[in-house]
Amino acid sequence: VVIELRQIALGMVQQIQRRCTDCGGEGYRAETKKERKVLEVLIEKGMKHKSKVVFRGMADEKPNLEPGNINFIIQEKPHETFKRKGADLLITKTLSLNEALCGFEFTLKHLDGREIVIRSQPGEVIQPEDGNGKP
């Protein structure tokens, strides 16, 4: 707020109160500038769906106020081969009775590009564990 004294006539003064045009009535004046900053989000192996990665004090700043935080929320995308159970990856593979009793072998391409060979020996009986994976 700015208080002005204005002379209307000889010996008559008018006192006026108005909003400051420099600060917009905030009481302080600050120079603002736009700045771009690149933030690198490190996603660790095994991070869970809806986990938060927080950058403290990196959000917009205003004078006389503490800067805010920037929050990134991890969203897990469904995968065509793997399903997630806690920190484990599961696959569903249908085996015939012959494969379950006489042994099988198949190659699985992992997320990092490695090829893993999964096999069972003849005579080793494969039974599902609660409908999910090998026992």
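The values are calculated or read from the model by the stated rules, or taken from the named source; none is laboratory data. Remember, predicted model here, so these are calculated numbers, not experimental data. When we count neighbours, we look across all protein chains shown, and the Cβ atoms used for this are built from the backbone with ideal geometry, even at glycine. SASA here: full protein model, heavy atoms, side chains in, ligands and nucleic acids out. Shrake-Rupley method; radii C 1.70, N 1.55, O 1.52, S 1.80 Å.
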> Given Asp22, Asp60, which one is farther than 30 Å from Ile116 by Cβ, assigned to a loop (DSSP other than H, G, I, E, B) and in contact with a Lys or Arg (Cβ under 8 Å, 6 or more places away or on another chain)?
Replying inline: Asp22
>> Being of a type in the set (A, V, I, L, M, F, W, C) and not in a loop (DSSP other than H, G, I, E, B) is the requirement here; does Leu101 meet it?
In response: yes
> Val2 is checked against (1) closer than 30 Å to Asp88 by Cβ; (2) surrounded by 10 or more Cβ atoms within 10 Å (Cβ to Cβ) and fails just one. What number does that condition carry?
Replying inline: (1)
>> I'd like to check something: does segment 72-84 contain any residue that is aliphatic (A, V, I, L, M), within 24 Å of the chain's Cα centre (by Cα), open to solvent by less than 80 Å² (accessible area, probe 1.4 Å) and closer than 30 Å to Arg56 by Cβ?
In response: yes
>> For the list (1) within 30 Å of Val2 (Cα to Cα); (2) hydroxyl-bearing (Ser, Thr, Tyr); (3) surrounded by 11 or more Cβ atoms within 10 Å (Cβ to Cβ), I need the number of the one condition that Ser51 fails.
In response: (1)
>> What are the pairs with Cβ atoms under 7 angstrom where one residue, in segment 87-105, is farther than 10 Å from Gln121 by Cα and the other, located anywhere, is of a type outside the set (A, V, I, L, M, F, W, C)? Sequence gap at least six, or different chains.
In response: Ala87/Gly46; Leu90/Lys83; Leu90/Asn132; Leu90/Gly133; Ile91/Thr81
> Conditions: (1) at pLDDT 85 or above; (2) open to solvent by 100 Å² or more (accessible area, probe 1.4 Å); (3) under 30 Å from Val1 (Cβ atoms). Gly68 meets all but one. Number of the miss?
Replying inline: (2)
> If a residue has to be over 28 Å from Ile91 (Cα atoms) and either open to solvent by less than 100 Å² (accessible area, probe 1.4 Å) or in contact with a Ser or Thr (Cβ under 6 Å, 6 or more places away or on another chain) (or both) to count, how many in segment 31-48 make the cut?
Replying inline: 2
> Is there a residue being at pLDDT 90 or above and open to solvent by 70 Å² or more (accessible area, probe 1.4 Å) anywhere in segment 86-94?
Replying inline: no
